[in-house]
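Working notes, beginning with the structure itself.
The values are calculated or read from the model by the stated rules, or taken from the named source; none is laboratory data. On a predicted model such as this, the values are computed, not experimentally measured, just so you know. Keep in mind that these areas ignore ligands, DNA and RNA; they rest on the heavy atoms of the full protein, side chains included. Shrake-Rupley method; radii C 1.70, N 1.55, O 1.52, S 1.80 Å.
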Amino acid sequence: MESICGDIIRIMKPRSVNPIPTVNLGSQLRKAILDSGLTRNRISELSGVRYAGLWRFMADERVDLTLSSASKILTALGLGIEFKPISQGKKK
């Protein structure tokens, strides 16, 4: 019986595939804010995003911003987003 269960588990075990890398938009936005050289207060004024929410986001206390807020911040920084395929390692 054990060998049958072992065979079933081996059959059900997912085959290893190259995992798709994840994109962390939050960390990229935090870096862009830091690299801008602007104060959080100035970014808040330029973007219309509340200072408290921006502060929490930068302090990593608030992990997510709405897409609308992120878009306003990017616009205030003069930045945009370009979508491109994520490389999945070596191609054969």
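Checking the a/c ratio against 1.5 first, then a/b against b/c, what shape does the Cα gyration tensor give for the stretch 26-65? It comes out oblate by the Cα gyration axes.
Of the whole protein surface, E82 contributes about 150 Å² of accessible area at a 1.4 Å probe radius.
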